[in-house]
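As structure tokens, the structure follows; a few thoughts come after it.
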Number of protein chains: 2
Amino acid sequence: MAGMTVPREANERLPDAPLRRKPTINDVASIAGVSFGTVSRVLNDAPDVSAATRQRVLQVIKDIGYRRNRAATALVTSRSTSIGILSDGSPRFGPVGTLMALENVARKKGYATTVISVEQPYEESVQAALDTLDDTGVGGIIVIAPVVDMAAAVWNASCRVPVEMIAAGASSTPNVFTYSENQELGARLATQHLIDLGHTDIAHFAGSMDWFDGRVRKRGWEASLRDAGLTPGLCLEGDWSPRWAYETALQLVREEKVPQAIFAASDHTALGLIRAFAENGIRVPDDVSVVGFDDIEGSDYFLPPLTTVRQDFTALALMSMEVLLGAMEGRDVDRTPIEPTLVVRASAAQANSRGSKGPSGISQGAGPE
Amino acid sequence: MAGMTVPREANERLPDAPLRRKPTINDVASIAGVSFGTVSRVLNDAPDVSAATRQRVLQVIKDIGYRRNRAATALVTSRSTSIGILSDGSPRFGPVGTLMALENVARKKGYATTVISVEQPYEESVQAALDTLDDTGVGGIIVIAPVVDMAAAVWNASCRVPVEMIAAGASSTPNVFTYSENQELGARLATQHLIDLGHTDIAHFAGSMDWFDGRVRKRGWEASLRDAGLTPGLCLEGDWSPRWAYETALQLVREEKVPQAIFAASDHTALGLIRAFAENGIRVPDDVSVVGFDDIEGSDYFLPPLTTVRQDFTALALMSMEVLLGAMEGRDVDRTPIEPTLVVRASAAQANSRGSKGPSGISQGAGPE
DNA sequence: CGTTACTCCGTAAACGTTTACGATGGTGTC
DNA sequence: GACACCATCGTAAACGTTTACGGAGTAACG
């Protein structure tokens, strides 16, 4: 009655031992009556395992709740099942949206993500973060680099694993390849919408020129105008904040230079300038048309609901993850950028609804009464 | 001329070999002319190493750019230098703010963070996520659980490492301890502000009752009112969205039940209801006072600028990380919750500026003219 | 029946650390 | 001068996997 059908269980730890040590591949092996090598094979879907044995091992694995020790795996294979995300610490709309979406698709593809955020000065912090990520054992790194300086730091940094940068309109280098949404197109969409509405005097409340997004949206605005045979109007460069937009718009009002239409580089920017106008009795869209960029939550309930352009972060994340995984595995993948869409609401209207034609043809005198 | 002062370098890989293999502890050892044990000792600040040797080893480490292999360390010590963050996938203000802040303080304390987000149904996904985090080798887990169901799933789940939950007003269990900001206080602050302004008819546009935040903010509103000897007014339970608030407010207008003052459970909620009022010529704060909750970016440029309450996510993150680290190390730490602050702007005004007294004392007839 | 080939499985070594233990040399004490 | 003691260092084993290799069976084939 000694050796039963299950061979060498006796000389091993009892399956339901009181101690909560995590079961190892050896525990599984002894209980299933096979060698650890066989267990490893079923774990890795290797051939050379009979169906029956595979079944049995799988059953034991489920029974005792075995889970593969990632550290051990990583140690011996030196490849990993996690990818690193490097982001700037800013809680801004774009970066955060991208970050969340990225985590989502990574998880669905079976990768854990470890994220690190960096701060100025980037030169040091970026290299340090890349290193940390590296010896955490990530297989690849995606960096969300909205600001130009950060991207530069990434370009100058060295890293053993593939690095992909999400940066609108930045170029790729041998070490670092780039992917992004086609934000220039987004800006063109916005501007073209204004053009289609009959506006000819279209200003731009730009974002920060330290940001790729700011640069590229401005470029789109310009290009769109030129393509339509129009000369670009006023372009004010700001910092994305409502505050800047508010004060700048106030200035415009004082100088009686309020344009017919404005493409705001972000919804927050739009928010600020709309308030400045509202306080001075200039109505949107009756007196001035505004279109934003981002479609932040609530922008459909601004006063008025904001016409804006929406980026598809999920699609962006999906694609860029695909691209990174491709790079990690040496595959080659499609890299056409995602296209944003225009969402039309109520903040931009037909141009000649009023008599205003000149560059400052706003009926002055505050208050709608 | 064979054996020089540096003993066994010859039989090892050349220091500047062309291949880019990462240097190991052995590389350091052979170059420094000591055994790997000694290197390990200096790495871990162990005693039993002479100052001179330590110096030399440190120098070599720096020279060849040695970095400790975390997988190997984790494998043998089974403790780790990373902490896991579990979050719901929602890009909502509170959770995201907490997440970013958490990552920040973790990094500053020398921990990497690996984040996983879960979706409904929580029962399965939470346990799976906890497991994944566990065998990623995290030393502890912080879960950002704004919604009640998710918290329940966490309570029911099992996990070897300490789990801390950030959930407003939820209670701790033996397995899972809880930490949060004192949101009830926040709600009281908001309500009290309205009371101080002389309002007696104070309604609440609540958030979702599936969220702790929704529940706790409502509780604060109620309690504050009772403490002041007032009977709580209308309480509408929504879903945080501007849309819901907009439509609900519209309903109120139609039924002529617009209250004197409203405590909105979130800034987005406030945004929606303010628009509904604006469309109907009901002015904020002249006709109805509104205070929000969150202080989202741009709320200072709403029309009107929103009086609201701000949470200190950085402080929250700092404290909760402290608490988790304490649990991991068996320490005991202070756990008094962080307090939010009221930020007064322009959306709430003195009560009796108009004759309106009755529950529906709004001058009907749209348009400000 | 002997050979070959194939299927399935066990074994050993390696991955880069940490930890416990043992070895060595020097210094002090009686 | 013998002894113990301390400081410093080297060595072996272990952590839980994967991978390369080899060996035992079995089936096919002459």
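For every residue, the table says whether it meets (1) within 11 Å of another protein chain (Cβ to nearest Cβ); (2) surrounded by fewer than 24 Cβ atoms within 10 Å (Cβ to Cβ); (3) in a loop (DSSP other than H, G, I, E, B); (4) at pLDDT 85 or above.
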{"position": "B:THR113", "(1), (2), (3), (4)": "yes, yes, no, yes"}
{"position": "B:SER117", "(1), (2), (3), (4)": "yes, yes, no, yes"}
{"position": "B:VAL126", "(1), (2), (3), (4)": "no, no, no, yes"}
{"position": "B:MET150", "(1), (2), (3), (4)": "no, no, no, yes"}
{"position": "B:ARG160", "(1), (2), (3), (4)": "yes, yes, yes, no"}
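Mind checking which residues of the stretch A:23-35 are within 7 Å of DNA strand C (Cβ to nearest atom) and loosely packed, with under 15 Cβ neighbours inside 10 Å?
A:SER35
Which pairs have Cβ atoms under 7 Å, sit 6 or more apart or on different chains, and link a residue in the stretch B:20-47 that is on the phi > 0 side of the Ramachandran plot and more than 14 Å from chain A (Cβ to nearest Cβ) to one that is more than 9 Å from DNA strand C (Cβ to nearest atom) and assigned to a loop (DSSP other than H, G, I, E, B)?
B:GLY33/B:VAL6
Which residue is farthest from A:SER78 (Cα to Cα), if the candidates are limited to the stretch A:128-137 and must be facing chain B (nearest Cβ under 10 Å) and crowded, with 20+ Cβ neighbours inside 10 Å?
If we take residues in the stretch A:128-137 being facing chain B (nearest Cβ under 10 Å) and crowded, with 20+ Cβ neighbours inside 10 Å, then A:ALA129 is farthest from A:SER78 (Cα to Cα).
Of the residues A:THR314, A:THR307, which single one is under 25 Å from B:ILE296 (Cβ atoms) and crowded, with 23+ Cβ neighbours inside 10 Å?
Answer to the selection: A:THR307.
Hey, A:PHE205 hits all of (1) under 24 Å from A:ILE83 (Cβ atoms); (2) modelled with pLDDT of 95 or more but one; which does it fall short on?
Looking at each condition in turn, A:PHE205 falls short on (1).
Can you tell me how many residues in the stretch B:247-267 are under 24 Å from B:ASP210 (Cβ atoms) and either modelled with pLDDT under 95 or in a loop (DSSP other than H, G, I, E, B) (or both)?
Total satisfying the criteria: 2.
Answer yes if at least one residue in the stretch B:58-73 is surrounded by fewer than 23 Cβ atoms within 10 Å (Cβ to Cβ), away from DNA strand C (no atom under 16 Å from the Cβ) and either assigned by TED's automatic domain parsing to the domain that holds B:TRP240 or not basic (Lys, Arg) (or both), and no otherwise.
Scanning the stretch B:58-73 turns up at least one residue that is surrounded by fewer than 23 Cβ atoms within 10 Å (Cβ to Cβ), away from DNA strand C (no atom under 16 Å from the Cβ) and either assigned by TED's automatic domain parsing to the domain that holds B:TRP240 or not basic (Lys, Arg) (or both).
Considering only residues that are free of Cβ contacts under 8 Å to residues at least 40 places away in the same chain and within 14 Å of chain A (Cβ to nearest Cβ), look in the stretch B:218-246 and name the one that is surrounded by the most Cβ atoms within 10 Å (Cβ to Cβ).
Residue satisfying both the conditions and the ranking: B:PRO242.
Is it fair to say B:ARG92 is surrounded by 15 or more Cβ atoms within 10 Å (Cβ to Cβ) and at pLDDT below 90?
Numbers: surrounded by 15 or more Cβ atoms within 10 Å (Cβ to Cβ): yes; at pLDDT below 90: yes.
For B:ARG92, the condition - surrounded by 15 or more Cβ atoms within 10 Å (Cβ to Cβ) and at pLDDT below 90 - is met.
Select from the stretch B:50-72 the residues that are modelled with pLDDT of 90 or more and polar (S, T, N, Q) and list them in ascending order.
Matches in the stretch B:50-72: B:SER50, B:THR53, B:GLN55, B:GLN59.
Give the number of residues within the stretch A:270-298 that are under 19 Å from A:GLN192 (Cα atoms), within 14 Å of chain B (Cβ to nearest Cβ) and outside any loop (DSSP other than H, G, I, E, B).
2
Quick one: in the stretch A:162-177, of everything that is hydrophobic (A, V, I, L, M, F, W, C) and part of a loop (DSSP other than H, G, I, E, B), which residue is farthest from the other protein chains (Cβ to nearest Cβ)?
Going residue by residue through the stretch A:162-177, those that are hydrophobic (A, V, I, L, M, F, W, C) are A:163, A:165-168, A:170, A:176-177.
Restricting the remaining residues to those that are part of a loop (DSSP other than H, G, I, E, B) gives A:167-168, A:170.
Numbers: A:ALA167: 20, A:ALA168: 20, A:ALA170: 23 Å.
Within the stretch A:162-177, the match that is farthest from the other protein chains (Cβ to nearest Cβ) is A:ALA170.
Go through the stretch A:64-78 and give me each residue that's near DNA strand D (Cβ under 8 Å from one of its atoms) and either more than 9 Å from chain B (Cβ to nearest Cβ) or not charged (D, E, K, R) (or both).
Of everything in the stretch A:64-78, those that are near DNA strand D (Cβ under 8 Å from one of its atoms) and either more than 9 Å from chain B (Cβ to nearest Cβ) or not charged (D, E, K, R) (or both) turn out to be A:TYR66, A:ASN69, A:ALA71, A:ALA72, A:THR73, A:LEU75, A:VAL76, A:THR77.
Tell me which residues, restricted to the stretch A:248-264, are buried (at least 24 other Cβ atoms within 10 Å of the Cβ) and within 14 Å of another protein chain (Cβ to nearest Cβ).
A:ALA249, A:ALA264
Please pick out the residue among A:ASP267, A:ASP196 that is acidic (Asp, Glu) and closer than 29 Å to A:GLN120 by Cβ.
A:ASP267
The values are calculated or read from the model by the stated rules, or taken from the named source; none is laboratory data. Note that the structure is predicted; figures quoted are calculated from it, not measured. Note: ideal-geometry Cβ built from the backbone for every residue, glycine included; neighbour counts use all protein chains shown.
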